[in-house]
Structures are given as structure tokens and as C-alpha cells.
Amino acid sequence: MKKLERFCPRCGKKGISQESALCGACAALAAGLEFKEIIVTICAYCGRFRLRHKWVESKTADDAVAAVASEKIKHEGQQRTQISSSLPHKNINPGIDLDFDIDVSFGREGYRVPGRIRGTVCPYCSKQGTPYFEGVLQLRSPSNELISYVRNDIAKHQSRGIFITKEIPERDGIDFQISSNKYLRALGKRIRARFSGEFKESARLFTRDRQTSKDVYRLSVYFRLRPYAVGQVVKKGEREIQITSIGKRVCGIDIKNGKKVFLE
Ligand SMILES: [Zn+2]
Ligand SMILES: [Zn+2]
């Protein structure tokens, strides 16, 4: 027999211990705590973390979590919250997210809410030139699936010195600075094979390495995800179009009259 899985009745989260009980996060919200996603961005090299748009030093990752969580978890009234975290025993690496639990005590009750550590390289460490940034992956209109595909792929290659040295949110997506042009080029090919979209690759001379007197290129890989798949039926005005091919342009046929139509 399959074990009965319990869900949080409010948000649908799985793995609830008691019947009709809320998950930790929903229980905390119901008790009057206010918070959104608690993401702690930590430098994998020096342990500095981001707090109110500044980089702050910390002795341990737990200190950083406590500082960020106290900042993010708000409530009315005079009662104080106490925060402790149970961090996973894993290394923090640039470009890698780690999920963990934060224990918040508020009044007489305790709540377990989800937190996430995001490894990165702080500006102090990246200035020292150690994590050398070579290329940039520009994702536009990315889906969560595409972003996690990229993060996972980078995680798989970290033992080869591949990591995200910086993430820059853009109006319509995100830029990942990546430590290897060679890897970035291969990643671009994999993205292109797996997702449909507009793809561009360009390289420009960035600098000349003084020690080796070799030219250093900065590679840019641009990928704009298209929300289409072959076989999918989409509406264009009053017409229904079935997509037949996705190349430089998205092409389909009008279901009613069989005529060829370009969608983009
Ligand atoms: Zn819930
Ligand atoms: Zn640092």
C-alpha cells in the first residue's frame, strides 16, 4: 500500500506530519509573522553576505542566516522572535542554492520555515581576480525550468572550476557571468538543443593578458526563450495555429484552412 501523503491545506506542501495541520511557513503566517522568500546570498570565498544591499562580514553562515531572517521576518507588537537555523552540511559554492530550515520562535510557539542559501562571489573577492570571469550567458524571458537547467548544469561542472561569478538581474531576464568561455560555449549548445528560442553567440576582445601576452576574449551567449513547442496549438487573433517548425522564425498552419502562417 502506498503511504498516505499529507498536504498542507493552505499551500499544498507535501510531507505534513499531522492531519489537517498547516506547514511551518503557513502556520507562521497564520500566527502573524510576515515574510516572503528568505534567501541568504553568501560569498563562497570569504563568507560575507548581503544585508540591506550591502556586503557584511559574518563569522559563520548561521550568523548570516540569523541576520537576514531577522530582517525579513516581520510582525506587529512587542514580542521578539528568536531565530536559529539548521544548515545542511554542505559546502557553499558560487552559483549553487542550498535549501534548509529556519527555526523561528515567536511568543510561546516555534515554527519551521524554509530558507535558501545562495552561494556567490562578493565584489571584494571578485576584484582580487581569483575567480576570473570570462563569459556571460544572457537569458531572456527565461522559464524557471530553463534557469534551473542552467544552475544544475553549472553545478555538475564545478569540480572543473566552472562557476557563476556574478548574477545580474535584467529587465527581461538574467545575466550569468561564467568562469569559462569554453564551458559557456558548450552550455549554449546544450540549451539550444533542449529549449526553443533565439540564440546568438558573439565574442569580443576584452584585454590582452600581460603575462602570457595572449588575447583574452569575452564570450556572450544570448538566448531568448520562446514559449512555443512543435505540435502545440496557439491562438493568433481569431485563428488557431498549430506549430510545425521553430527555426529563425516560428511557423505553423492554420487549423481551419491549412494555410501556412508565421507567428514571429
Ligand atoms: Zn503551507
Ligand atoms: Zn567574498
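The values are calculated or read from the model by the stated rules, or taken from the named source; none is laboratory data. Note that this is a predicted model, so its numbers are computed, not measured. Using ideal geometry, Cβ is built from the backbone for each residue, glycine included, and neighbour counts are taken over all protein chains shown.
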key: Criterion violated by E134 - all others in (1) modelled with pLDDT of 80 or more; (2) away from ligand 2 (no atom under 15 Å from the Cβ) satisfied   = (1)
remark   = Filtering the stretch 30-50 down to residues that are within 16 Å of ligand 2 (Cβ to nearest atom) and not in a strand (DSSP E or B) yields A44, Y45, C46, G47, R48
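Every residue, every condition in (1) more than 16 Å from ligand 1 (Cβ to nearest atom); (2) under 26 Å from the mean Cα position of the chain (by Cα); (3) in a helix (DSSP H, G or I), yes or no:
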{"position": "C11", "(1), (2), (3)": "no, yes, no"}
{"position": "Q18", "(1), (2), (3)": "no, no, no"}
{"position": "V65", "(1), (2), (3)": "yes, yes, yes"}
{"position": "G77", "(1), (2), (3)": "yes, no, no"}
{"position": "S84", "(1), (2), (3)": "yes, yes, no"}
{"position": "K90", "(1), (2), (3)": "yes, yes, no"}
{"position": "L98", "(1), (2), (3)": "yes, yes, no"}
ask   = Would you call Q177 surrounded by fewer than 18 Cβ atoms within 10 Å (Cβ to Cβ) and either modelled with pLDDT of 90 or more or not hydroxyl-bearing (S, T, Y) (or both)?
value = no
Long-range neighbours under 6 Å by Cβ, at least six apart or interchain, first residue in contact (Cβ under 8 Å) with a residue 12 or more places away in the chain and within 16 Å of G47 (Cα to Cα) within the stretch 79-97, second assigned to a strand (DSSP E or B) and of a type in the set (K, R) = D97/R116; D97/R118
inquiry  = Any residue at all in the stretch 2-9 that's within 21 Å of the chain's Cα centre (by Cα), among the aromatic types (F, W, Y) and not assigned by TED's automatic domain parsing to the domain that holds Q158?
reply    = no
key: Selected residue [touching a residue at least 24 places away in the same chain (Cβ under 8 Å), within 16 Å of ligand 1 (Cβ to nearest atom) and under 23 Å from the mean Cα position of the chain (by Cα)] from I42, I38   = I38
remark   = Flagged in the stretch 31-55 as β-branched (V, I, T) and exposed (fewer than 15 other Cβ atoms within 10 Å of the Cβ), in numbering order, are I39
request  = Quick one: in the stretch 3-18, of everything that is in contact (Cβ under 8 Å) with a residue 12 or more places away in the chain and in contact with a strand residue (DSSP E or B) (Cβ under 9 Å, 6 or more places away or on another chain), which residue is nearest to ligand 2 (Cβ to nearest atom)?
outcome  = K13
